[in-house]
Every structure is written in C-alpha cells, then in structure tokens.
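Trainee: Before we start, here is the structure in question, set down as structure tokens.
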Amino acid sequence: MKNAPILHRVEYAGYRLCRAVLYLLPHATARGLGRGLGGLAHLVDRRHRRLAMSNLALAFPELGEASLRRMVADCFGHFGAALFETISAGRLDADALHARLTVEGWKHLETAEAAGKGLLVLGAHLGVWEICAQVIAHDLGPMDVIVRPLDNPHLDAELIRERQRAGNRILAKRGAARAILKLFRGPAARVGILIDQRVQPNEGIRLPFFGRPAWTSPLLARVSLRTGAPVVPIFCFPLPRGRYHFVAREPIWPGDEGPGAAESLTQHYIDVTEREIRRQPEQWLWFHNRWRD
C-alpha cells in the first residue's frame, strides 16, 4: 500500500525483528518457520487463496479440486519459506552460500559470456529466485538487475542493500530500456530480468502462458535482438537442510531482427519458464494476477 507511512514503519519494524530472530537460529531452521507463516497466511488471506485457486485451475484444468487446494496450500507454504530463507541468507558470505549449492548447467553461462556480446539473464518468481543473482555475482561477476520498487520505502531501501551486498546493481523498471542499451555499449554487460509477471497493455504483448494469453514485456527480446546478447534462463530451487540447486539452461540466441522476431523470442522465453514451473508448480507465484486483461 502506497502513502501509508505508519503502516510502512510497522512493517519495517516487523522485518527487523524477524531478521534478528532468524540470525540467532541455524539457517536451515528458517525454512520450517517460514512454511509455518505461509500456512497461517493461507488460512487468513482469503483473497489471495481464491486467486491462486483460480489461476491454478486455468493452468491445470485436468486436476481435481482437492489436488488444486493442496497445491494452493503448498504454494503459500513455499513462499513463506522462501521469504524467511531469503532474509536468513543475508548473513551468508560467498563461501557459506557455495557450501550449500549444487550447480547444474554452469557451462551455459560460460558459453554465453564467451560470445563477447554481453549477457542477459532470464529469471522468474520461482523457487528461491533471490539466491540466483548472488550466485551469478560471486562466480561470474556483478550484474544489473531490473526491479520494481516496493511500495514501502523502508523495506525497499533494505532490499536494495541486500541485493547489492554481493556486488550486483539495481536498475529501476521505469526507463530500463534506455539504461540497458547504455550498459551494453560498455564491456562485460550483464543484466537480469524477471519476465513472468503481468505488465500494462501499453508496455507488453499478449502471448500464451499455460495456454492462455497474458500481457508480457518484450523488453528482454528487444535488447537481445538489438545487441546480439544471448539470454540464459536461470533458476534456484530449495533442497533439504537449507541447501539449494542452481540451474542454468541453454543460451537462447537472438537470430535476425525482423517482423515478429521480438514476439517469437519472447514466446520462447515464456515456454522455457513454463516448463520449469510445471516441474515444481507449487513454487511459482500463483497469487499474482497474471492473466488479468
């Protein structure tokens, strides 16, 4: 909620208290505590529970109501866990984080970097996505990440500090296209973009996602076509005992720029993201109103 200074201060105080408690506990404990918080949210947040149920029914029409309800509950539990894990991970340095990682497909990032065109990183609100950017910064080099500012300015400033802790930089979503193209005029440009959320119709194109049209930003495709930079999809999933599995998929090369090229590439990105979501659907943000016209 914007323009709510008292509420913003209360939320920020709650965040600071939560972080202080988590830092006193083993990192692996954060997931269980967060899952409990997610379970509580599932009980009391009727609006988002209904929205998640509706979205999952659209995406998985073959599932019965009981299966969908279990998936909704698992989704709330996962995002409570992901929130607490992300906060708790703020104390992990590069060595401590890597001790908790298994890595798949790192060669795809190296192949893309070796092309010398810069690197575009495709992500989604799936798994524990904030960990992805830290892994890139530690092992490949810092990148610029496009984000939408939070409504709460105190939490937004805190999140920016955490995201920059590993060396990454933040680009505001507004005016991002011009800023990105400027970056690619220099050496070793790396930019991370999440494309799985709805954008305004004047900012996007309507393309199928789980078989239904959804407004999606073509920014990633347009930058790739303009610069020749490949796009590498990356994801990070939780494992038992506070560990993580980092995945990089094959680079998506831009090809020739022409009529329909941006739409075709964007659809490719959507399809890759959808395949990952289908593997672990409870770990995607189903209470986001993705298919709203």
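Yes/no matrix, rows are residues, columns are (1) closer than 21 Å to HIS78 by Cα; (2) at pLDDT below 95; (3) more than 22 Å from the chain's Cα centre (by Cα):
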position: MET1; (1), (2), (3): no, yes, no
position: VAL10; (1), (2), (3): no, yes, yes
position: ARG31; (1), (2), (3): yes, no, no
position: GLY34; (1), (2), (3): yes, no, no
position: LEU43; (1), (2), (3): yes, no, yes
position: ARG49; (1), (2), (3): yes, no, no
position: GLU65; (1), (2), (3): yes, no, yes
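Here is a yes/no grid of residues against (1) of a type in the set (Val, Ile, Thr); (2) crowded, with 19+ Cβ neighbours inside 10 Å; (3) touching a helix residue (DSSP H, G or I) at 6+ places or on another chain (Cβ under 8 Å):
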| site | (1), (2), (3) |
| --- | --- |
| PRO201 | no, no, no |
| PRO254 | no, yes, yes |
| ALA262 | no, yes, yes |
| TYR269 | no, yes, yes |
| PHE287 | no, yes, yes |
| TRP291 | no, no, yes |
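Trainee: Could you list, in sequence order, the residues of segment 167-199 that are among the small types (Gly, Ala, Ser) and surrounded by fewer than 18 Cβ atoms within 10 Å (Cβ to Cβ)?
Mentor: Residues satisfying the conditions are GLY167, ALA172, GLY175, ALA177, ALA179, GLY186, ALA188.
Trainee: Test each condition in (1) under 24 Å from ALA214 (Cα atoms); (2) assigned to a loop (DSSP other than H, G, I, E, B) for THR273 and report the one that comes out false.
Mentor: Going through (1) under 24 Å from ALA214 (Cα atoms); (2) assigned to a loop (DSSP other than H, G, I, E, B) one by one, THR273 breaks only (2).
Trainee: Which condition does HIS78 not pass, out of (1) under 17 Å from ARG241 (Cβ atoms); (2) surrounded by fewer than 20 Cβ atoms within 10 Å (Cβ to Cβ); (3) touching a strand residue (DSSP E or B) at 6+ places or on another chain (Cβ under 9 Å); (4) not small (Gly, Ala, Ser), if it passes all the others?
Mentor: So HIS78 meets the others, but not (2).
Quick grid of which residues meet (1) hydroxyl-bearing (Ser, Thr, Tyr); (2) more than 30 Å from ARG49 (Cα to Cα); (3) surrounded by 15 or more Cβ atoms within 10 Å (Cβ to Cβ):
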position: GLU65; (1), (2), (3): no, no, no
position: ALA73; (1), (2), (3): no, no, yes
position: ALA82; (1), (2), (3): no, no, yes
position: GLU85; (1), (2), (3): no, no, yes
position: LEU119; (1), (2), (3): no, yes, yes
position: VAL128; (1), (2), (3): no, no, yes
position: ILE131; (1), (2), (3): no, no, yes
position: VAL135; (1), (2), (3): no, yes, yes
position: PRO142; (1), (2), (3): no, yes, yes
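Every residue, every condition in (1) surrounded by 17 or more Cβ atoms within 10 Å (Cβ to Cβ); (2) of a type outside the set (A, V, I, L, M, F, W, C), yes or no:
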residue	(1), (2)
ALA13	no, no
LEU17	no, no
HIS27	yes, yes
ASP45	no, yes
LEU51	yes, no
LEU56	yes, no
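Trainee: Under 9 Å by Cβ, and 6 or more places apart or on different chains, what pairs join a residue from segment 220-232 that is surrounded by fewer than 24 Cβ atoms within 10 Å (Cβ to Cβ) with one that is among the aromatic types (Phe, Trp, Tyr) and at pLDDT 95 or above?
Mentor: GLY228/TRP253; PRO230/TRP253
Trainee: Report yes if GLU282 is assigned to a helix (DSSP H, G or I), under 16 Å from CYS132 (Cβ atoms) and touching a residue at least 40 places away in the same chain (Cβ under 8 Å), otherwise no.
Mentor: no
The values are calculated or read from the model by the stated rules, or taken from the named source; none is laboratory data. Bear in mind that the values here come from a model prediction, so they are computed numbers and not experimental data. Glycine gets a Cβ as well: all are built from the backbone with ideal geometry, and neighbour counts include every protein chain shown.
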